[in-house]
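Just below is one structure, and these are the notes that go with it.
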Amino acid sequence: EEIHFRLAGNRISFVPMNELVRLLKIDIERRKEVMLTRPAYQGTIGPVQGFTMDYVLQRDNLSLAEELKFGSGIMRMTVTGWILRPQPDLPSETLAETVRPDSRFHRHLLQAGRNTAITFWVYPDSFELHRELKQHTHESGFWVASRPLPEGVPIAGSPQGSKSLAQ
């Protein structure tokens, strides 16, 4: 398990990655008809808890071996990339709000459980906040992965991307 938080503007926001991925899978199912006639599709899901997800879905050709095994009427679709866009009403907390036991941050940690890795997507204006939260989550028994991002670069991913490594 892994949960994500965005640290920007010296504030922390929960990134509902699991819910966005669940909705993405549902949206992909709805795009099967479209993908029969198009090589690619650009879509958006959300907003969910202050984030939308833009994605690109691509139709892939089957290899000869796959066509022989499954038949020529089979299609494979791949999400080639996604970008998260924070909305203006994105819920966020300061460090002082975050360390309170009734904070959104603590509620998400409690719901996730101790075997969950915490990934922080960190912008340059929030490195101090990151240092404090990283120490706090380590002391609470969680594994932490940090993903520094340059200012203005959105949280994004692709099948060629790397996995977060928690320490």
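Ranked by the mean number of other Cβ atoms within 10 Å of their residues, highest first, the peptides 47-54, 133-140 come out as 47-54, 133-140.
Report, to one decimal in Å, the Kirkwood hydrodynamic radius for the stretch 17-67 based on all distinct Cα pairs. Intermediate results must be reported in sequence, preceding the final value.
Working: mean 1/r = 0.0819 Å⁻¹.
Computed over the stretch 17-67, the radius equals 12.2 Å.
For the stretch 7-43, the residues whose backbone nitrogen is under 20 Å from a point 7 Å from the Cα of Thr80, taken along Cα to Cβ, are 24-25, 27-43.
Could you tell me the relative contact order of the stretch 8-162? Use alpha-carbon pairs under 8 Å, at least six residues apart, and round to a whole percent. The partial results should precede the final answer.
Numbers: 217 pairs, mean separation 38.6, N = 155.
Value for the stretch 8-162: 25 percent.
The packing ranking, built from the mean of other Cβ atoms within 10 Å per residue, places the peptides 143-151, 34-42 in the order 143-151, 34-42, highest first.
Near the amide H of Leu149, within less than 5 Å, lie the amide hydrogens of Val122, Tyr123, all on another chain or at least 5 residues away, with H placed in the peptide plane. Close amide H partners of Ala40, meaning residues 5 or more places away or on another chain with modelled amide H under 5 Å apart, are Arg59.
Within the full protein context, the accessible area of Leu95 is estimated at about 60 Å² for a probe radius of 1.4 Å.
Computing FRET efficiency as 1/(1 + (r/R0)^6) for Arg147 and Arg38, where r is the C-beta to C-beta distance and R0 is 35 Å, gives about 0.60.
Packing, as the average of other Cβ atoms within 10 Å across residues, places the peptides 114-123, 84-93, 4-13 in the order 4-13, 114-123, 84-93, highest first. How far is helix 17-30 tilted off the main Cα axis of the chain, in degrees rounded to 10, range 0 to 90? The two axes meet at around 20 degrees.
In this calculation the C-beta distance from Ala96 to Glu1 is compared with R0 = 25 Å, giving a FRET efficiency of 0.35.
The values are calculated or read from the model by the stated rules, or taken from the named source; none is laboratory data. Source: prediction; values computed, not measured. Quick reminder, even Gly has a Cβ in these numbers, built from the backbone with ideal geometry, and neighbours come from all protein chains shown. Calculation scope for accessible area: heavy atoms of the full protein, side chains included, ligands and nucleic acids excluded. Shrake-Rupley method; radii C 1.70, N 1.55, O 1.52, S 1.80 Å.
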